[in-house]
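Working notes, structure below.
Just so you know, all these numbers are worked out from the coordinates, no wet-lab data involved. In this text, all values refer to a predicted model and were calculated from it rather than measured experimentally. Cβ sites come from the backbone with ideal geometry, for glycine too, and all protein chains shown count toward neighbours.
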Amino acid sequence: MSQNLGTLERPLQVAIVGAGPSGFYAAEALLKQANIVCRIDFFNRFPTPFGLIREGVAPDHQSIKSVTRIYDRIASNPNVRYFGNVTFGVDINRDDLQQFYDQIIYAVGAQADRRMGIAGENLHGSLSATAFVGWYNGHPDYRDLDVDLSHHRAVVIGNGNVAMDIARIVSTPIETLAKTDIADYAIEQLRESQIREVVVLGRRGPVQAAFTYPELKELGELDDVDVIVDPADLELDEHSAAVLAIDKTAQKNYQILREFAAAAPSGASQRIYLRFLVSPKAIIGDNDRVTAVETEHNSLVVDKNGGLRPQGTGSFETIETGLILRSVGYRTVPLKGVPFDQRTNTISNVLGRVTDLKSGDAFPGEYVVGWAKRGPSGVIGTNKPDSAATVNAMIEDLSNLPGIPDPNRDPERIVALLRQRKPDFVTYDDWRSLDQYELARGAEQGRPRVKVTSVSEMLNVIRRNKANES
Ligand code: NAP
């Protein structure tokens, strides 16, 4: 390492690709390093920062979103800059960042959906959770999604917390949703929704469900919604019973499920059915649109790792529906030029150090955090220790960094490059002015914010605000 790297005269220069929770926690951990002066530049695809907080966390979970205050503080550090509306692989590449920065962190999350690999997945009316959640949260890629809510029944596939979010949002009274920061167009469409019944399909049993009890419990707290569980679905095989005896999360889930099963339906106008041990086998359509899902009932068998996997019993059931919401997990999208492990669907890495796919050797100076590092698991806070661990590896590696000192590593040169390649890049002050605009529109309606959902409109608001200031 150059002797003065990480000092006032030659700060450590770090690029973070992606300004979601894992990226911000990495920045926080870097800024907390004693004895190291660090300059951090964020590059983010959308003008708006915060990734999953803005585009993934459910609109009725505002308290989770308050974590952005911490991210705001990090962004206010004079050694942190934000370049929004800049797409990695399009506007800037791995080579550019290698030229200008000592270390690069990929914090791009998991922006696509896992596929189930069954017939009919692509029919109209079969939507991934990625798309549907993005749609109601005003994600610019999904604002024009074809969401058909004209059917009586929706089927949600999967038993994780995203499945819970989706079942809840589709069943929540519109007056409640209209007070949140859900996208305006979603309010209008959900207001006309004909869905009265949501069927959630778990391929394994209640003990193996991936959801957690606060999210499960919330379903039972919705106004005018009956949550229905068949008591027969709660009868456990011996292996599940053994797991239940020691797994505290499963115990809490199971207790709530028993309460649902014991409650007599109140005749509420909406119903959520939680079904277990049912796998989708094919999505059936007519004229390219979903009409039903064919399912097979399962039993659980011990797999070679000692876990429990579902096995079809040969008993089939067809559930009629016009809307299928596939919530079976997210998937990281490979980045141009960055090694990607197709087996794990993550950026190839060992403990956060990006590695060559063939040799397994670490690339000096390249790192990964969050879902792109470990896969789509955990809550927002899980990213804090995860990012800190990668930053520890970065600090350990400082003595092995190549190409230092390098006169190209002048932070102003990246600004000159962006002015050429992406003149309408967005700074954190620009985002703040957009933020103020959204908050002010929200305040007029008694809502936390009204989101701007198209990139061109975001840029227009920022331009108008600048013109008004000058
Ligand atoms: P997840 O927790 O991994 O759940 C995925 C679900 O899909 C599992 O039930 C899985 O069943 C099922 N599945 C996978 N492949 C399937 C297939 N081919 N057919 C049928 N079912 C299939 O993923 P997630 O719900 O997308 O959540 C991602 C992460 O975000 C999780 O860590 C979650 O806790 C977190 N999150 C948290 C909150 C919150 O805190 N409020 C909200 C949303 C998300 P198997 O178990 O059988 O594989």
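A few comments on the model shown:
- Amide H contacts of GLN13: ARG39, ASP102, GLN103, each under 5 Å away and 5 or more positions distant or on a separate chain (H built 1.01 Å from N in the peptide plane; Pro and chain starts excluded).
- On Cα atoms only, tilt of 21-31 relative to the major axis of the chain in degrees: 30
- Gain on full stretching of the segment that runs from LYS32 to PHE340 - 0.36 nm per residue minus C-alpha separation: 107.9 nm
- Potential lengthening between HIS124 and GLU412 on full extension [0.36 nm per residue; Cα-Cα distance subtracted]: 98.9 nm
- Exposure rule at most 13 other beta-carbon atoms within 10 Å, DSSP loop GluC sites (Glu not before Pro): the chain longest free segment: 236-470
- Degrees separating the helix 248-262 axis from the principal Cα axis of the chain, which is the longest one: 40
- When the C-alpha to C-alpha distance is required to be over 19 Å, the pairs from LYS336/LYS358; LYS32/LYS336; LYS384/LYS451; LYS248/LYS304 that qualify are LYS32/LYS336; LYS384/LYS451; LYS248/LYS304.
- Using only side-chain charges placed at the Cβ, +1 for Lys and Arg and -1 for Asp and Glu, the dipole size of the range 114-329 relative to its Cα centre rounds to 620 debye.
- Taking 16 Å as the straight-line reach from the Cα of LYS281, the aspartates and glutamates in range (excluding those fewer than 8 positions away in the same chain) are GLU121, GLU294, GLU296, GLU317, GLU320.
- √(5λ) per eigenvalue of the Cα gyration tensor, the range 114-329, largest first, Å: 28, 21, 16
- Anisotropy class of the range 386-470 from Cα gyration tensor, a/c 1.5 cut: oblate
- Coil-residue trypsin sites (Lys or Arg not before Pro) of the range 1-70, DSSP, other Cβ within 10 Å capped at 11: LYS32
- Here the gap between ARG73 and ALA245, fully extended at 0.36 nm per residue and compared with their Cα-Cα distance, gives a gain of 57.5 nm.
- For the range 114-329: relative contact order, % (alpha-carbon pairs under 8 angstrom, 6 or more apart): 30
- Extreme residue, positive dipole direction of the range 114-329, given options ALA241, GLY125, ILE187 (C-beta unit charges): ALA241
- About its Cα centre, the chain has a charge dipole of approximately 940 debye under the convention of +1 per Lys or Arg Cβ and -1 per Asp or Glu Cβ, with nothing else charged.
- Within-9-Å neighbourhood charge of MET164 [Cβ basis; K, R +1; D, E -1]: -2
- Only Cα pairs under 8 Å and 6+ residues apart enter the sum, and on that basis the relative contact order of the chain stands at 21 percent.
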